[in-house]
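Here the structure comes first, spelled out in structure tokens, and everything after it is commentary.
The values are calculated or read from the model by the stated rules, or taken from the named source; none is laboratory data. Every value quoted in this text rests on a predicted model; they were computed, and no experiment measured them. Here the Cβ is made from the backbone with ideal geometry for all residues, glycine too, and neighbour counts use every protein chain on show.
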Amino acid sequence: MILNFNLNFISRKTLVVIVIIAILLAGNIVFGVRYLWDSHENQLLQKQLSTQQTNEKISSFLSLFIKKVLKAQGEVSFEDRLQLENAIRSINDKELLALWDKFTQSTSADQVQQNVKNLLESLASKIVAN
């Protein structure tokens with residue numbers, strides 16, 4: 001009888017341990033899935049934030065370009081050109097930088113006009129595409 005009691009006690013003890021392990025395992029699975037879900041959501045939010053920051057930089061440059069270049073009464077000052085150059089570089093887009101370089105290296109009025117159109121078109125399309 002005492003032997004039978006010890007076996008039942010061990011069985012109950014084993015059953016409790018198995019239940020606790022199962023609960024802990026289930027908890028780890030739940031937390032793991034939740035972690036993966038949150039990690040994926042975080043990546044999406046980081047991408048949206050990056051896109052929004054890029055759009056803000058493009059909009060800021062576009063506004064500055066209109067104000068300092070298109071509405072300029074005369075020649076654009078060195079400080080304004082430097083400000084524009086820094087603004088376009090901060091966008092960190094090779095295509096826009098290439099168009100900017102093409103614009104700044106224009107020699108004739110026709111080239112300047114065409115390069116301004118190309119730059120503005122590309123700026124607008126970058127904002128729309130994002």
- Message: Yes or no: the range 22-33 includes at least one residue that is closer than 24 Å to LEU123 by Cβ, at pLDDT 95 or above and in a helix (DSSP H, G or I).
- Response: no
- Quick one: which of GLN113, GLN73 is surrounded by fewer than 16 Cβ atoms within 10 Å (Cβ to Cβ), touching a Ser or Thr at 6+ places or on another chain (Cβ under 9 Å) and without any contact (Cβ under 8 Å) to a residue 12 or more places away in the chain? GLN113
- Residue set SER50, SER106; condition in a helix (DSSP H, G or I), out of contact with any strand residue (DSSP E or B) (no Cβ under 7 Å at 6 or more places or on another chain) and of a type in the set (S, T, N, Q); output residue SER50
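What about PHE5, is it more than 30 Å from ILE127 (Cβ to Cβ), surrounded by 10 or more Cβ atoms within 10 Å (Cβ to Cβ), of a type in the set (Phe, Trp, Tyr) and at pLDDT below 95?
When the stated conditions are applied, PHE5 does not pass them.
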- Task: Select, from SER39, SER90, the only residue that is in a helix (DSSP H, G or I), within 22 Å of ALA129 (Cα to Cα) and of a type in the set (Gly, Ala, Ser).
- Result: SER90
- Hits in the range 38-62 (condition: acidic (Asp, Glu) and in contact (Cβ under 8 Å) with a residue 60 or more places away in the chain): none
- Query: Which of the residues spanning the range 77-89 are over 17 Å from LEU120 (Cα atoms) and surrounded by 14 or more Cβ atoms within 10 Å (Cβ to Cβ)?
  - Reply: ASP80, GLN83
- Applying the selection to the range 64-87, what residues are among the hydrophobic types (A, V, I, L, M, F, W, C), part of a helix (DSSP H, G or I) and more than 14 Å from VAL116 (Cα to Cα)? PHE78, LEU82, ALA87
- Message: Can you tell me which of (1) closer than 30 Å to GLU95 by Cβ; (2) modelled with pLDDT under 95; (3) not hydroxyl-bearing (Ser, Thr, Tyr) is the one ILE10 doesn't meet?
- Response: (1)
